[in-house]
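The next block holds one structure in the form of structure tokens; read it before the comments.
Read the figures in this text as sums done on the coordinates, not as results from a lab. A quick note: this is a predicted structure, and the numbers were derived from the prediction, not measured. For neighbour counting, all protein chains shown are included, and Cβ atoms are generated from backbone atoms with ideal geometry for every residue, glycine included.
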Amino acid sequence: MVASEKDFENAVHQVKLLKEDPGNDAKLKLYALYKQATEGPCNVPKPRVFDFLGRAKWDAWTALGSLPKETARQNYVDFVSSLRPSLTSSSGEGPAAHRSLPESEDVVVTSKDSITVITLNRPAKKNAITYQMYQDITLALKAASKDNSTITVFTGNGNYYSSGNDLSNFSNRSGSLQQMYAESALTLRNFVDSFIDFPKPLVALVNGPAVGIAVTVLGLFDAVYASDRATFHTPFSSLGITPEGCSSYTFPKIMGPAKAAEMLIFGKKITAREACAQGLVTEVFPHNTFQKEAWARLTAYAKNPPKAMRIGKQLLRSFGKETLHAVNAEECRVLQERWLSEECVNAIQTFFSKKGKL
Ligand SMILES: CCCCCCCCCCC/C=C/C(=O)SCCNC(=O)CCNC(=O)[C@H](O)C(C)(C)COP(=O)(O)OP(=O)(O)OC[C@H]1O[C@@H](n2cnc3c(N)ncnc32)[C@H](O)[C@@H]1OP(=O)(O)O
């Protein structure tokens, strides 16, 4: 469904009625999408170096590349709708006001003992994350941030946690390359933002190997419990791409720059025990007892007073948030360029030609 002019005007009106400041990142996103929807791609000169606000706005608008006006309009309407809890009640009902998580078989959301569980459910494809799944996970996190659960858990169904980005995302979409990459960068940015902004304790149960973006966002989790069958692999350079999920910032902080470089630049695959020794994983359990032990732990933790846990998380995380959003924006900008590179195109072709799918 494409948002109409009326939907867009409605959303612009709703923004004017916001009761609370939605924060700088949200305001930048709104600004950029508004400009793109009304004026198209940014073609104004870059503001001078000390005009910080002007530059931030220019960067946000420019990052949308050649995103079509209609898509920007739709994204603006969707984004305003995701801000609804802070809108005034007299703002009128926008078309997407009650949008909830779409029915999805690949991302399953369940609830257990005050814990919301988001399960990647594509075991036949090793839980590779499709374009749709990025959007579903973003919506699932938004919903979990507002539901009455105390903790949110992420896990995978089958023998993999996740093989990362579904490499057919690069070939399965329509439209011009520029448009597709601009949309993809925005989708990725929103996806990672939803981890950065997640307000409650977020725990990963890494039930098996994890690859690419499934590894990098772990730096944004509050605890990572792993089966001893899990491995952690970020083969970015061999795919001709660059780190995302804020890992270019979180990994050097967590494990030190040398170990981070081995993973993120040289693509070294590490075991669960190595990841634990390096601080990426909180604790490793034998595979046979992993579910039982991890769930016993989570069920006990979920009985803690929820507000105290939430505020505790805020204290631990909120000071670095601005930086994380800036890192995310920059990583997405760089990736958008890398997707067009010969190195990246060749690497994806090699993967699928080895599978006999080209
Ligand atoms: C324009 C871009 C749009 C992007 C959308 C926005 C967001 C972008 C985010 C970009 C940043 C993300 C970066 C990453 O995550 S990089 C890491 C990407 N992942 C990989 O490189 C892993 C690729 N897969 C493998 O190497 C192997 O499949 C694996 C080691 C995981 C398992 O090997 P095994 O031999 O045990 O199993 P199979 O290879 O036979 O796999 C079973 C089937 O699953 C399919 N599969 C597995 N992983 C993927 C994948 N990542 N993408 C697509 N398909 C995958 C595999 O092809 C098999 O399918 P068939 O049974 O049909 O043959």
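Relative intensity of the range 251-358 on a log10 scale, I(q)/I(0) at q = 0.22 Å⁻¹, equals -1.20, per a Debye sum over C-alpha point scatterers of equal strength in the absence of solvent. With contacts taken as Cα pairs under 8 Å and at least 6 residues apart, the chain reaches a relative contact order of 14 percent. Here the mean projected area of the convex hull built on the C-alpha positions of the range 121-356 is 12.6 nm². Taking label points 7 Å from Cα along the Cα-to-Cβ direction, residue 17 and residue 342 give a separation of 5.6 nm. Applied to the range 156-171, the Karplus parametrisation 6.51 cos²θ - 1.76 cosθ + 1.60 on θ = phi - 60° returns per-residue 3J(HN,Hα) values of x, 9, x, 8, 10, 6, 5, 8, x, 4, 5, 5, 7, 3, 6, 10 Hz, with x for Gly and Pro. With each label modelled as a point 7 angstrom along the Cα→C-beta vector, the residue 9-residue 323 pair spans 4.6 nm.
Over all pairs of different C-alpha atoms in the range 198-293, the reciprocal of the mean inverse distance, the Kirkwood hydrodynamic radius, equals 13.2 Å.
Dipole magnitude for the range 121-356: computed about the Cα centre from +1 point charges on Lys and Arg Cβ and -1 point charges on Asp and Glu Cβ, it is near 620 debye.
Can you check what the net charge comes to around residue 44, using other residues whose Cβ is under 15 Å from the Cβ of residue 44 (Lys, Arg +1; Asp, Glu -1)? With Lys, Arg at +1 and Asp, Glu at -1, the net is +2. Which values of log₁₀ I(q)/I(0), to two decimal places, follow from the Debye formula for the range 154-202 at q = 0.30, 0.31 Å⁻¹ with a uniform point scatterer at every Cα? The Debye formula, applied to the Cα set alone, gives -1.11, -1.13. Pair-distance distribution of the range 5-83: all C-alpha pairs, bin width 5 Å, starting at 0; shares per bin in whole percent are 3, 16, 27, 22, 18, 9, 3, 0. Of the residues 267, 54, 175, the one that moves most in a GNM of the chain with alpha-carbon contacts below 10 Å is 175.
Under Stokes-Einstein, with the Kirkwood radius over Cα pairs standing in for Rh, what whole-number D in µm²/s applies to the range 102-229 at 25 °C and 0.890 mPa s? Walk me through the numbers on the way to the answer.
Working: Rh = 14.9 Å.
Translational diffusion coefficient: 165 µm²/s.
If R0 is 22 Å, the Cβ-Cβ spacing of residue 293 and residue 269 corresponds to a FRET efficiency of close to 0.35.
Between residue 110 and residue 283, the C-beta separation translates, for a Förster distance of 25 Å, into a calculated FRET efficiency of about 0.60.
I'd like to know which of 275, 233, 302 lies farthest towards the positive end of the charge dipole of the range 233-352, counting +1 on Cβ of Lys and Arg and -1 on Cβ of Asp and Glu. Value computed over the given set: 302.
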